[in-house]
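S.K.: Pasting in a structure now, in structure tokens, and then I'll have a few things to ask.
Here, each number is a calculation from the coordinates, and none is a lab measurement. From a predicted model like this one, the values you see are computed outputs, not experimental measurements. So basically every Cβ, Gly included, is an ideal-geometry build from the backbone, and we count neighbours across all protein chains shown.
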Amino acid sequence: MPEKYEKKPIYEFCLIRKTMVRLETIHSAVSMPDGAQAEMKLMPVDCNRASDCKREGISCIVYDPNGADPCPEAWGE
């Protein structure tokens, strides 16, 4: 079952900022023995508004089925 990981940008709507944000996410692609393929978005690892979030002290709530914080680097301290 070959599996590969890569970073891909996606765009999500930020509910607090009422704007689109660009998230850098880790994606996984899996190929099954029967030829079926699946791709999953695992987690956001960076956001183009992360420095703004940190400076303003707010967390940008993004419409994400996993409820993941799009600015994880802003809160790493």
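S.K.: Amide H neighbours of ARG17 under 5 Å, at least 5 residues apart or on other chains, H built in the peptide plane: list them.
M.R.: For ARG17, whose amide H was placed from the backbone, the distant partners under 5 Å are ILE61.
S.K.: Right, here's the next one. Kindly rank 42-51, 28-37 from highest to lowest mean number of other beta carbons found within 10 Å of each residue.
M.R.: Sorting 42-51, 28-37 by mean packing, highest first, produces 42-51, 28-37.
S.K.: Amide H to amide H under 5 Å from ASP46: which residues, 5+ apart in sequence or cross-chain, H placed 1.01 Å off N in plane?
M.R.: Excluding prolines and chain starts, which carry no amide H, the hits are GLU24.
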